[in-house]
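Here's the structure we're looking at; comments come further down.
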Amino acid sequence: KRKLKSPQKEETLHPPEFIKKSHFSDITIVLPFIPPSINDLYFNNRHGGRTLSKAGGIFKTRVREHLANNYLDKVQGLNPNGMYSMSMFFYLTQDELFTKSYLENPNTLSPYKRRDVGNMEKILVDCIKEFVMKDDCQIFSETLKKIASTERRVVIVLKEVEPNEFIDDLNSEIQSDIIRKVNAYREKGNQ
């Protein structure tokens, strides 16, 4: 059982130093495949909501199997009640990101292909959430990047973070109360 303790000199540390000294866990996950377009993952149902498509279900199963086969031991070290920051790096081919005909063809309006990083992110957040944490509201920071590469893949870095990194302009009594509650909830995840 892992015991979570608050650092004794928390207020004297700057966030980058605090993160380095943190006792919390992190994980780097590499998926050797890219999510399909959002248009292939969901469809509008007759009740006005969005439903996962068959292709979406197949993709989620593929991610689950990859995580179970390659990251199960590492994931078990993470706190399902923790607060997290998530970074996703989408490595795509240059042809997926950039238009070759820009400047040569007057009909080509932009050098960028229409591959929306946010559309790729949502399904992966759902997959990671199901595997690591109770709810995606536990993700307090998210970074998304598209990178031109010869090898297609997604690299996901998930780090447990301290609540004080996400509290601003509150008096110390309110801050202490929030941190106390978050740490009590985290402790439940380690039992």
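Which of the residues that make up the stretch 118-156 are assigned to a helix (DSSP H, G or I), touching a residue at least 12 places away in the same chain (Cβ under 8 Å) and farther than 17 Å from V63 by Cβ?
G118, Q138 - these are the residues of the stretch 118-156 that are assigned to a helix (DSSP H, G or I), touching a residue at least 12 places away in the same chain (Cβ under 8 Å) and farther than 17 Å from V63 by Cβ.
Quick one: what pairs do we get from the stretch 82-94, first residue part of a loop (DSSP other than H, G, I, E, B), second among the hydroxyl-bearing types (S, T, Y), C-beta under 8 Å, 6+ apart or different chains?
These pairs meet every condition: G82/S25; T93/S149; T93/T150.
Residues are listed down the side, and each one gets a yes or a no for (1) more than 25 Å from D40 (Cα to Cα); (2) small (G, A, S):
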| residue | (1), (2) |
| --- | --- |
| Q76 | yes, no |
| G82 | yes, yes |
| S110 | no, yes |
| K113 | no, no |
| G118 | no, yes |
| L124 | no, no |
| V154 | no, no |
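In the stretch 135-157, what count of residues is obtained for those that are of a type in the set (S, T, Y) and open to solvent by 60 Å² or more (accessible area, probe 1.4 Å)?
1
Which residues, taken from the stretch 40-69, are open to solvent by 80 Å² or more (accessible area, probe 1.4 Å) and either in a loop (DSSP other than H, G, I, E, B) or touching a residue at least 12 places away in the same chain (Cβ under 8 Å) (or both)?
Scanning the stretch 40-69 gives D40, R46, H47, R62, R64.
What number of residues in the stretch 70-81 are open to solvent by 50 Å² or more (accessible area, probe 1.4 Å), more than 16 Å from P32 (Cα to Cα) and in a helix (DSSP H, G or I)?
3
Within the stretch 158-188, work out how many residues are loosely packed, with under 12 Cβ neighbours inside 10 Å and among the β-branched types (V, I, T).
Selection size over the stretch 158-188: 1.
Scan the stretch 146-163 residue by residue and report those that are β-branched (V, I, T) and either in contact with a strand residue (DSSP E or B) (Cβ under 6 Å, 6 or more places away or on another chain) or closer than 23 Å to K74 by Cβ (or both).
Listed by number, the residues that qualify are I147, V154, V155, I156, V157, V161.
The values are calculated or read from the model by the stated rules, or taken from the named source; none is laboratory data. This one's a predicted model, so the numbers in the text were calculated from it and none came from an experiment. With ideal geometry, Cβ positions are generated from the backbone for all residues, glycine too; neighbour counts draw on all protein chains shown. For accessibility, only protein heavy atoms count, side chains too; no ligands or nucleic acids. Shrake-Rupley method; radii C 1.70, N 1.55, O 1.52, S 1.80 Å.
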